[in-house]
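I have placed the structure first, in the form of structure tokens, so that the comments after it can refer back to it.
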Amino acid sequence: MGSNRTHQNLLPASHRADAKYPHKLKALKASQTGVRLLNDQEVQEIKQLFKITDLEEMGSRNLGNTGITMYVANNQYYIKK
């Protein structure tokens, strides 16, 4: 069944791991609670992924429906759940 298909995609695209998804964000999503300090590269990846442009003015932002908040404290970026 399905052997005539040109591609044998057994895993739908929506369930595939995204290589660009930040590791700390993935780990925090899997845990119940926690806080992670982000480096500059991770900050840029998360801002691009969630299209955040006003974090510095707002102080904090919820990251979609993940239950995770990204915020700035003492000129450092954190994510918490």
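FYI, it's all coordinate maths here, none of it is from the lab. Bear in mind the structure is a predicted one, so any value in this text is a computation, not a measurement. Note that we place each Cβ from the backbone using ideal geometry, even for glycine, and neighbour counts take in every protein chain shown.
Values as computed for the structure displayed
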quantity: Packing-based ranking, highest mean first, of 30-41, 60-71 given that Cβ atoms within 10 Å are counted; calculated: 60-71, 30-41
quantity: Computed label-point distance, nm, for sites residue 72 and residue 26 using a 7 Å Cα→Cβ extension; calculated: 2.8 nm
quantity: Sequence of 56, 42 once ranked by neighbouring C-beta atoms within 10 Å, starting from the fewest; calculated: 56, 42
quantity: Share of alpha-carbon pairs per 5 Å distance bin for segment 33-81, given as whole %; calculated: 5, 22, 37, 29, 7, 0
